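Before any comments, here is the structure.
The values are calculated or read from the model by the stated rules, or taken from the named source; none is laboratory data. Source: prediction; values computed, not measured. Quick reminder, even Gly has a Cβ in these numbers, built from the backbone with ideal geometry, and neighbours come from all protein chains shown. Surface areas here come from the heavy atoms of the whole protein model, side chains and all, with no ligands, DNA or RNA. Shrake-Rupley method; radii C 1.70, N 1.55, O 1.52, S 1.80 Å.
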Amino acid sequence: MNRRDFLLSAPAASLIVASPKAFAAGPTSIRLIDSGGTTGESIAAAYIPPFTEKYGVRVIREAPSSLGKLRAMVESGRINAALFELGSSTLAQARELNLLEKLDWAAINPDPMFPEARDDYGMGYQYFSTVMAWREGNKAPQAWADFFNVQRFPGKRCMSAYPHYTLAFALLADGVELDRLFPLDVNRAMRKLESIKSHVSVWWKTGTQPLQLLKDNEVQYAVTWSAGIEREPGIRSTFNQGMYDIAWLVVPRGQDPATKDLAMKFLHEVTVAKNQMVAAKVLPLSGNSPQLEGLLGAKAFQSFPTAKANLQAQFKQNAQWWQKNGPEVNKIWSNFLLNA
Amino acid sequence: MPDANGWRALPLLALFLIVFDYSLGGLLAKSVNGSAGLTLQYFKEAWTTKAYFRVFVDTLRVSLIATVVCVLLGYPLAYWMRGLPERRRAAVMTLVLMTFWVSILVRTYAWIVVLGNAGLVNRTLLATGLIREPLTLLYSEVGVTIGMANVLLPFLVLPLLTAMLRIDDRLLRAAASLGASRRQTFWRVFFPLSLPALGVSALLLFMLSLGFYITPAILGGGKVPLLGNLLDTLINETSEWSLAAAISTALLAFALAVFAVFLRLNRMMETKS
């Protein structure tokens, strides 16, 4: 915009601001902050078009979505997003910090969905799994005990820089049973992790890192998201002893009613199985509809986190435990990582 | 007192005060604002937590090494450029400046291709039989230091070259005519004259490197956290803003102390030339 354009548009803009009519018409767009990457693309492809078509309201996406960003937004009182993506333990933390608007489930009027994806303050919109993966040509691990055994399974490791996606696996490797994981024995997990620390090349912060590092032969074994692995030639993975978790959509506190109303309408679209099928094409992760397996067919669904066989092989992340113990564990964990 | 022209800078100054210093004030306030009034508990926590202190020391060490590497590479480069005919110097200058045109992200990722296990350096060394196992260049302090030095080098070469160009050639000729060898001329005339500029540029580099975030995040593999990365964790993940504010304030105080030295050196340089 050059100076002349600016001079011309300034009075026009003030007219819009002053006109009560324009105000009464409600927002013409809402903003959604997601975690970016393919996840963001799946939202853009699946849920935004039907919403915009129905209500004539555009959805502007932005990434990434950290807890810090949400907190800054709510505490400064400048609420510029109607919807925000959070992980299950950050959802718990955000509730504790009173950063969230209560959802109006009557207004959302959801299609059938998994009850565990329904929270007073958030809608679980995506199931994702954290699993072990390796490069073909290396010995295939069957369990975390193998992954942690660097003598019998030599090679460099790549693990998550977040304790939420690491501690439980260390305990499984140390012999804890799948159904006895929580409450996590943090000290025991840290002891086990010390034993593998020097073999970990990279502690990843974004989910795209481990796959890339496997492809580049920079590491041979990695903890990674399940989505997209089966499309990678030369990379293997197993859901065995994997962990499934839910990603949430929330509404930042301090929303004006018109925007909140639109957010509820958007969330309804997120529960529609037909829309979730579009998302599943972009990214093989399950939405919150139990009908998805039937719609996609068991065969197509076998690489999805909520396929029956996969659910049986995995355990569920325990967000309640992390909410209670997160701050304490984070301290121990950053000590561990900072002295890496 | 500012002259008539100086007053015109007032809007800019006001902008700085509001946009920059006001928020900085907020940060300082957060670092001492406890649940029960003023407190130094966050500074105490930052100081007594071994891991944080270690990150501070690591940051200083990596910054120092990156600065020294830049000086060792940049000084000869600038000296060589000074001796070039003007047109060729302009051409070399363009090459140095070109790194500014490429995003720091791209440059940092490029190092992954060069330094990785299957990267350019390791493949070459393996092919020539100099090594048997790939060297660990990436995801280590070595990688971070190389990446930082790459980003920082132009910040040293540019001011240094400007200062070197100001050194009067007649002084060098006078030294030669009095029987000094080329080496003596360099060490006893040229180098001392360029030293203040070198000191100032090196300090500038050091201060810049204290705040690096992207490079250690990408090339460190999560194993070489510097202060910028620690702050990111505290702000975005664990939501410990007061502690982050205390560490930021301490870093700011340290950088200001270095800046004070910088100003002194700068003044020394000006009185000399």
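Averaged over the residues of B:219-232, the number of partner chain Cβ atoms lying within 10 Å of the residue Cβ comes to 4.
Annotation: Cα Rg of chain A relative to the compact-globule expectation 2.2 N^0.38 Å equals 1.09. For the stretch A:219-337, the orientation-averaged shadow of the C-alpha convex hull comes to 10.6 nm² (one quarter of the hull surface). Would you please classify the overall shape of the stretch B:1-120 from the alpha carbon gyration tensor, given that a ≥ b ≥ c denote the square roots of the eigenvalues, rounded means a/c under 1.5, and beyond that prolate means a/b larger than b/c while oblate covers the rest? The shape class here is oblate.
Note on surface exposure: B:248, B:177 rank B:177, B:248 by accessible area, highest first, 1.4 Å probe.
Where only DSSP H runs of four or more residues are counted, the protein assembly as shown gives -17500 deg cm²/dmol as its mean residue ellipticity at 222 nm, each run worth -39500 (n - 2.57).
Per-residue shielding of B:27-38, expressed as the average number of other chain Cβ atoms within 10 Å of the residue Cβ, stands at 0. Its residue count N sets the reference 2.2 N^0.38 Å, and the alpha-carbon radius of gyration of the protein assembly as shown equals 1.13 times that reference. Starting from the Cα gyration tensor of chain B, take the square roots of the eigenvalues, sort them a ≥ b ≥ c, and report rounded, prolate or oblate (rounded when a/c is under 1.5, otherwise prolate if a/b is larger than b/c, else oblate). Taking the square roots of the gyration eigenvalues as a ≥ b ≥ c, chain B is oblate.
Ranked by the mean number of other Cβ atoms within 10 Å of their residues, highest first, the peptides A:268-274, A:209-215, B:191-197 come out as A:209-215, A:268-274, B:191-197. For chain B, modelled as a GNM whose springs connect Cα atoms under 10 angstrom apart, the maximal fluctuation among B:261, B:19, B:69 occurs at B:19.
Within straight-line reach of residue A:316, meaning a Cα separation under 18 Å, sit the following lysines at least 8 residues removed in sequence or on another chain: A:308, A:324. Phi angles across the stretch B:206-219 convert, under the Karplus curve 6.51 cos²θ - 1.76 cosθ + 1.60 with θ = phi - 60°, into 3J(HN,Hα) values of 4, 5, 4, 6, 4, x, 5, 10, 4, 4, x, 5, 8, 8 Hz, Gly and Pro given as x. All other residues whose Cβ lies under 15 angstrom from that of residue A:164 are scored, Lys and Arg at +1 and Asp and Glu at -1, for a net of +1.
The charge dipole of the protein assembly as shown, taken about the Cα centre with unit charges on the Cβ atoms of Lys, Arg (+1) and Asp, Glu (-1), comes to about 2060 debye, rounded to the nearest 20.
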